[in-house]
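Step one of this worksheet: look at the structure below.
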There are 4 protein chains.
Amino acid sequence: MNKIYNSNFQSSPLRGDRGGLRVGILGAAGYTGGELIRLLINHPEVEIVFANSESNAGNRVADVHEGLLGDTDLCFTDQMPFSEVDVIFFCFGHGKSEAFLKEHDIPANVKIIDLAQDFRIKGNHDYVYGLPEIHREEIKACQHLANPGCFATCIQEGLLPLAKAGLLTSDIAVNAITGSTGAGQKPGATTHFSWRNDNMSVYKLFTHQHLHEIVQTLNELAPESSPKYVDTLNDGYDTDGLTVDFVPYRGDFTRGIFCTEVIKLDKAVAASDVVALYKDFYKDAAFTHYSDSALDLKQVVGTNKALVHVDVFGRKVVVTSIIDNLLKGAVGQAVQNMNLMFGLDEKAGLNLKAIAF
Amino acid sequence: MNKIYNSNFQSSPLRGDRGGLRVGILGAAGYTGGELIRLLINHPEVEIVFANSESNAGNRVADVHEGLLGDTDLCFTDQMPFSEVDVIFFCFGHGKSEAFLKEHDIPANVKIIDLAQDFRIKGNHDYVYGLPEIHREEIKACQHLANPGCFATCIQEGLLPLAKAGLLTSDIAVNAITGSTGAGQKPGATTHFSWRNDNMSVYKLFTHQHLHEIVQTLNELAPESSPKYVDTLNDGYDTDGLTVDFVPYRGDFTRGIFCTEVIKLDKAVAASDVVALYKDFYKDAAFTHYSDSALDLKQVVGTNKALVHVDVFGRKVVVTSIIDNLLKGAVGQAVQNMNLMFGLDEKAGLNLKAIAF
Amino acid sequence: MNKIYNSNFQSSPLRGDRGGLRVGILGAAGYTGGELIRLLINHPEVEIVFANSESNAGNRVADVHEGLLGDTDLCFTDQMPFSEVDVIFFCFGHGKSEAFLKEHDIPANVKIIDLAQDFRIKGNHDYVYGLPEIHREEIKACQHLANPGCFATCIQEGLLPLAKAGLLTSDIAVNAITGSTGAGQKPGATTHFSWRNDNMSVYKLFTHQHLHEIVQTLNELAPESSPKYVDTLNDGYDTDGLTVDFVPYRGDFTRGIFCTEVIKLDKAVAASDVVALYKDFYKDAAFTHYSDSALDLKQVVGTNKALVHVDVFGRKVVVTSIIDNLLKGAVGQAVQNMNLMFGLDEKAGLNLKAIAF
Amino acid sequence: MNKIYNSNFQSSPLRGDRGGLRVGILGAAGYTGGELIRLLINHPEVEIVFANSESNAGNRVADVHEGLLGDTDLCFTDQMPFSEVDVIFFCFGHGKSEAFLKEHDIPANVKIIDLAQDFRIKGNHDYVYGLPEIHREEIKACQHLANPGCFATCIQEGLLPLAKAGLLTSDIAVNAITGSTGAGQKPGATTHFSWRNDNMSVYKLFTHQHLHEIVQTLNELAPESSPKYVDTLNDGYDTDGLTVDFVPYRGDFTRGIFCTEVIKLDKAVAASDVVALYKDFYKDAAFTHYSDSALDLKQVVGTNKALVHVDVFGRKVVVTSIIDNLLKGAVGQAVQNMNLMFGLDEKAGLNLKAIAF
């Protein structure tokens, strides 16, 4: 088993003593921080050098994060020995990454994987959008990576083949139901068990922030001649342009996103051709697979997989796509990206057993 | 408390001894049969004369149907004393009602409420489609009633005001998530707890049988000048006509349907005008209410209510509608219809406490 | 339907205009307050004169309490017109009732039903412990009533017949699993959906505060010659006396308490005799019933019932008892007590449909 | 990734081509069969040579077992090439293993791990009871192994230290709540989602078949001078001997067993001494850990761990023990035993990520 440094990181050698990849985690006491630690302690090539948390400094990770008792003696630290690590994961809440970088000096040779949305939209920065199914080569070469959002990952996995083929020429009706872990660990009215159990509701109707990155990808991937999608968050719905009409639901389960996307094609295409398009697009993907049968969410819960299925009715295409929001939708994909960034086996540490039941 | 006859119905007087409405139930051992009995034993104007079940004849109702212990001594019977009742509820599986009527002679003065889909589509029969929000007067006057389907009720409650106003001129993207009781009481793979718990899936994609009655209502209610919807179950999806694109989901809860309907209007309409349309349409409805706030499913679970809410984004209208599939989606609406058919208070026996949590 | 006064209570007549029982509620914005309102708006003999809540004054009850939309226009008020009511329900958190009474002057003719634990233990006060199955006559005659705790009700319903028969002469192994609504509406770590869903845990092991009232009842009910139980909360576990060994569990459901109690008799008693004891004890109870079959929790969820079942193995007796913690375990029993205190039908307003599924 | 043979096993070399351990699975289409495959495809030292299932012969494993799509091309076979494997797992239903062995000739050099209960009780056979925390050396040396039951594992993990210390001298009050996967994959009334969701019930009260193996272990482990426990399944409850009073509950979750055991000591022992006893007993255990804090079930779901916690009140000791019923309670422990039987790292293939949420 890989050795884990405790918070007394000063005694750690400059190089990992296993010769492994040295990892630091910021915001390590949150949901994504915890899930990242659960992955990394079993990753064959990684050692965690520090898990930073102001509020939990000195506490044992296994006392804070569910499911780690007996697995690690790691403690949280309030220090950030950047020079001792090869890569840092930002597990902050959204909007804090950019502020953090202004206040801290991270050595240029340390790679950064940001799980927040701060750098997902192209702009005045060098962060690569880390969706391996379309940006594998850029990811391998990058120093800084913006890990995609959970809904955004699930919805894009469902749409990428159509986008690239130039078949997206209509408004897209997207419904995506997410587990409660998507809402983070701070308790509130909509995560209260008494309310959420057996309940169903919608939120951020047509205004979910992941629309930014979804639209960015669709427009980037589409052939030049294709019509483009409007970023309705920026430009509003008073538009004659194409829109992604996204209805996010709160599900009464903890993990996973179940998504359906309905598209109207310009003209009818044989179902077998649409299926072939998907199979071809994902034939080399490490974790995204086309399913010949209809999907159910627990096929992916506990894993880093994305599964996609397509049905065709005349000119209407119905795509179903599913992921585990904390894994392929967050830290699993972050580890997949880390593997790519450091030339490791893309699946290292990610051969996870599906919960199945 | 109202007296309940046991299976030894021969000793019951021709007239109910409380002077109440005398009810017979066929298919009384199924889910809807059970829920109907749970309602009727507390209905102030009703006495159950017989609860017919071949397979359970002689068994105590309280031993078969959850939640009735201590409430009734009623037993199932294999007999059908039609002449002793004022109304019969058909709680058969779909397709059996028509066959049953061919084999049995029900007196003309006995009213029939059929919970199956056999007579929901207009044809060579005199059954009135029992959606009180549009057919109240026909229901009051009818002898035979076809009770609407659960999904069909929820989806229609969301669309009726727009249909009547002639605002439905585009394909309608419908998503509706149903509880497991919608699948009946026979155990199977998709109702196995180990599979369904925390799971999500779709089924009968674009082909759910309730499309028939939904399309029938939309076309019936629309102004003559409005375009009509295609019954894609009959005529297929190779059409340039308008379609209702219905994605039914299996939810991981037992009761309730949560539905969203997305429509594109011909031209933008002020949100306040759309809301006003809904409020006006349902101002006299006994159980359907417009909610100014976003909805969550447990607002209606355990009740006969339908709640509706609308959001508007440019030309897109997003409707949310919710019901309890066993109540407003089945036997609650059947009792509401019975109340109307016999001139009783429409709400009699239906002032139910929401489960709330 | 019964009229409900809104917060503008000044315009209400001194006597209820329906001639009904006039009710005031303090702490009306909490879980028990909400459930009480859900019951009382359908109670045929009651009108709610005021629903007091400092924090929610002016807000509509239906906007705060799930499941009331369309049922009532009642608003919360910050006023307390004691002289306009016949009875007041205290829905405070524990420990606040006594303090409240010191600061407020409630007319002597106004009856009080306290849902907190402040007056459940006999002492320098005139509150009757409101468990109708043993104190019916005292309840009918009382002015002030202390409503039993939820766990305490469920456990006592399981033990009363044995206690009265003098058969409790050993330590009692009690396990009781409660729904999340038992923890109130304030969100926290153990009511967070992401944690609680599919989870199981114990808390207040052997130290739950309801032990006080349970032990009080067992000792009060036992024949004089019987050994008595130690109140281990007061006197500790270093004792040779009899103890109630109570393991409370947090269940991953919202409503209900499922309880098993294991007792060792001094000598073997025929199972039929033990069953007969229970049937006889509860033969006149309005809501407590003996079940010949094994129990499952959803038989009582949504109702005011308590169900009890017994199995016998040699000298060991295993009792199962179940209730809905918010109804028979809280406000349902409070309304039952109200009915008794005012000479109404004990079941008025409490013929509730079981959720069943 | 390890290569998996498909059903066309004839082409497989006599030795695994990775030089790994060659495994055959009988009853591979059931719940435990599926979970075993989920584990073994990620086990670094194992190749699955055949997965036998009469009913599913020719079908792809990933089409039958949830969560394997994209992970394996393995197909079920109706053949049983015993000579090509090093070890066979029996994943039959209970009672079939013994019959199977009478009808089939398994080479003496092939090891057998039986997940059924057929050989758990000592008798005229050479099967070792595979609880590694007490029988590690026998397991390492054995040819045939009987894998413990799920409840039996969880309860024993809670009691072993007390048993060995001779502190078990009273009846033991055991409550254990199991997930629905404990009931297998055949759908039925008590695994129907509509019934089981939010429900709680008991079954096989005081008569669960795992009592046999629990009592066998307690008596075997106890010092000679200690009193012994009666196997009440064989000898009944009309006894003055010590009994294990086991109340099994059906939980409304899919995975896991949560168990409490209450014992009365002969005389008071300091809590710290009891805790020290547990920590010492499990100090070398690979998967069983003592927790200083109270437990919740999801700490172990998805893992092969058993966690144990103890509270002391006077002479009463309350033990809490938890496992995942399909892993430490079934196939995880079976793989742990396989690892021991073949001299592999005890944890190989079992460093599983807790589901946590």
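The values are calculated or read from the model by the stated rules, or taken from the named source; none is laboratory data. Being a predicted model, the structure only gives us computed values, none of them experimental. Every residue, glycine among them, receives a Cβ derived from its backbone with ideal geometry; neighbour counts consider all protein chains shown.
Scanning the range C:160-197 for residues that are of a type in the set (S, T, N, Q) and over 23 Å from C:Asp296 (Cβ atoms) turns up C:Thr169, C:Ser170, C:Gln185, C:Thr190, C:Thr191, C:Ser194. Considering the conditions (1) within 14 Å of chain C (Cβ to nearest Cβ); (2) within 15 Å of D:Ile172 (Cα to Cα); (3) assigned to a helix (DSSP H, G or I), D:Asp245 is excluded by exactly one of them, (3).
With respect to being within 16 Å of the chain's Cα centre (by Cα), over 30 Å from C:Lys305 (Cβ atoms) and away from chain C (no Cβ under 14 Å), B:His94 fits the description. Scan the range B:335-357 residue by residue and report those that are touching a residue at least 24 places away in the same chain (Cβ under 8 Å), within 13 Å of chain C (Cβ to nearest Cβ) and either surrounded by fewer than 23 Cβ atoms within 10 Å (Cβ to Cβ) or not β-branched (Val, Ile, Thr) (or both). Across the range B:335-357, the qualifying residues are B:Glu346, B:Lys347, B:Ala348, B:Gly349, B:Leu350, B:Leu352, B:Lys353, B:Ala354, B:Ala356, B:Phe357.
Using the structure shown, decide if A:Gly27 is touching a residue at least 12 places away in the same chain (Cβ under 8 Å), at positive phi, away from chain D (no Cβ under 14 Å) and within 24 Å of the chain's Cα centre (by Cα). Yes; evaluated as a whole, the condition is true for this residue.
Residues that are surrounded by 19 or more Cβ atoms within 10 Å (Cβ to Cβ), facing another protein chain (nearest Cβ under 10 Å) and either out of contact with any strand residue (DSSP E or B) (no Cβ under 9 Å at 6 or more places or on another chain) or assigned to a loop (DSSP other than H, G, I, E, B) (or both): does the range A:207-229 have at least one? Break it down stepwise before answering.
Step one: list which residues in the range A:207-229 are surrounded by 19 or more Cβ atoms within 10 Å (Cβ to Cβ), which gives A:208, A:210-211, A:213-215, A:217-218, A:221-222, A:229.
Restricting the remaining residues to those that are facing another protein chain (nearest Cβ under 10 Å) gives none.
No: the range A:207-229 contains no residue that is surrounded by 19 or more Cβ atoms within 10 Å (Cβ to Cβ), facing another protein chain (nearest Cβ under 10 Å) and either out of contact with any strand residue (DSSP E or B) (no Cβ under 9 Å at 6 or more places or on another chain) or assigned to a loop (DSSP other than H, G, I, E, B) (or both).
Looking only at the range D:89-104, count how many residues are assigned to a loop (DSSP other than H, G, I, E, B) and within 22 Å of D:Val49 (Cβ to Cβ).
At the first step, the residues of the range D:89-104 found to be assigned to a loop (DSSP other than H, G, I, E, B) are D:91-95, D:104.
Checking which are within 22 Å of D:Val49 (Cβ to Cβ) leaves us with D:91-92, D:104.
Number satisfying all stated conditions: 3.
What tally of residues in the range A:276-299 results from selecting those that are in contact with a Phe, Trp or Tyr (Cβ under 9 Å, 6 or more places away or on another chain) and either hydrophobic (A, V, I, L, M, F, W, C) or part of a helix (DSSP H, G or I) (or both)? Here the count works out to 7. Here D:Ala183 qualifies as at pLDDT below 95, among the hydrophobic types (A, V, I, L, M, F, W, C) and either crowded, with 21+ Cβ neighbours inside 10 Å or farther than 15 Å from D:Glu220 by Cα (or both).
Pairs meeting the criteria (first residue in the range D:67-82 and within 14 Å of chain A (Cβ to nearest Cβ), second residue in a loop (DSSP other than H, G, I, E, B) and at pLDDT below 95, beta carbons under 6 Å, at least 6 apart or on different chains) are D:Thr72/D:Ile4; D:Asp73/D:Asn6.
Here is a yes/no grid of residues against (1) more than 20 Å from C:Leu167 (Cβ to Cβ); (2) in contact with a Lys or Arg (Cβ under 8 Å, 6 or more places away or on another chain); (3) surrounded by 21 or more Cβ atoms within 10 Å (Cβ to Cβ):
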{"position": "C:Ala271", "(1), (2), (3)": "no, no, no"}
{"position": "C:Lys283", "(1), (2), (3)": "no, no, no"}
{"position": "C:Thr288", "(1), (2), (3)": "no, yes, yes"}
{"position": "C:Val301", "(1), (2), (3)": "yes, yes, yes"}
{"position": "C:Asn304", "(1), (2), (3)": "yes, yes, yes"}
{"position": "C:Val319", "(1), (2), (3)": "no, no, yes"}
{"position": "C:Asp324", "(1), (2), (3)": "yes, yes, yes"}
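Search the range A:259-299 for residues being in contact (Cβ under 8 Å) with a residue 40 or more places away in the chain and of a type in the set (Ser, Thr, Tyr), and hand back the single one that is farthest from the other protein chains (Cβ to nearest Cβ). Top of the filtered list is A:Tyr278.
C:Val318 meets the conditions (1) in contact (Cβ under 8 Å) with a residue 12 or more places away in the chain; (2) more than 9 Å from chain D (Cβ to nearest Cβ); (3) not in a helix (DSSP H, G or I) in every case but one. The failed one is (2). Would you confirm whether or not the range D:121-131 contains a residue that is farther than 21 Å from D:Ile25 by Cα and in contact (Cβ under 8 Å) with a residue 60 or more places away in the chain? Within the range D:121-131 (the criterion being farther than 21 Å from D:Ile25 by Cα and in contact (Cβ under 8 Å) with a residue 60 or more places away in the chain), the answer is yes, since at least one residue qualifies. For A:Thr303, the test of being at pLDDT 95 or above, within 19 Å of the chain's Cα centre (by Cα) and in a strand (DSSP E or B) is failed.
Can you spot a residue in the range D:323-334 that is more than 28 Å from C:Tyr249 (Cα to Cα), away from every other protein chain (no Cβ under 12 Å) and assigned to a loop (DSSP other than H, G, I, E, B)? Checked against the condition, which is being more than 28 Å from C:Tyr249 (Cα to Cα), away from every other protein chain (no Cβ under 12 Å) and assigned to a loop (DSSP other than H, G, I, E, B), the range D:323-334 yields no hits at all. Of all residues in the range B:327-357, those satisfying the criterion of being touching a Ser or Thr at 6+ places or on another chain (Cβ under 8 Å) and under 29 Å from C:Ala183 (Cα atoms) are B:Leu352, B:Lys353, B:Ala354, B:Phe357.
Scanning for something among the aliphatic types (A, V, I, L, M), modelled with pLDDT of 95 or more and under 30 Å from C:Phe258 (Cα atoms), does the range D:139-153 turn up at least one residue? Lay out the reasoning, then the answer.
Quick first cut of the range D:139-153, residues among the aliphatic types (A, V, I, L, M) only: D:139, D:141, D:145-146, D:152.
From what is left, the residues that are modelled with pLDDT of 95 or more are D:139, D:141, D:145-146, D:152.
Checking the rest, the ones that are also under 30 Å from C:Phe258 (Cα atoms) come to D:152.
Scanning the range D:139-153, I find at least one residue that is among the aliphatic types (A, V, I, L, M), modelled with pLDDT of 95 or more and under 30 Å from C:Phe258 (Cα atoms), so the answer is yes.
Residues that are touching a strand residue (DSSP E or B) at 6+ places or on another chain (Cβ under 6 Å) and either within 9 Å of chain A (Cβ to nearest Cβ) or among the small types (Gly, Ala, Ser) (or both) within the range B:300-313 comprise B:Ala306, B:Asp311, listed in sequence order. Note on the range B:230-239: among residues that are more than 9 Å from every other protein chain (Cβ to nearest Cβ) and either of a type in the set (Asp, Glu) or in a strand (DSSP E or B) (or both), the one that is farthest from the chain's Cα centre (by Cα) is B:Asp235. Pairing residues of the range A:137-153 that are buried (at least 16 other Cβ atoms within 10 Å of the Cβ) with residues that are charged (D, E, K, R) and outside any helix (DSSP H, G or I), at Cβ distances under 6 Å and at least 6 apart in sequence or on separate chains, gives A:His144/A:Asp126; A:Ala146/A:Asp114; A:Ala146/A:Arg120. Within the range D:274-300, restricting attention to residues that are closer than 16 Å to D:Cys154 by Cβ and of a type in the set (Ser, Thr, Tyr), the residue that is nearest to the chain's Cα centre (by Cα) is D:Thr288. Taking the range B:35-63 as the search range and keeping residues that are free of Cβ contacts under 8 Å to residues at least 40 places away in the same chain, within 11 Å of chain C (Cβ to nearest Cβ) and in contact with a Gly (Cβ under 9 Å, 6 or more places away or on another chain), which one is farthest from B:Cys91 (Cα to Cα)? Looking at the filtered set, the residue picked out is B:Ala62.
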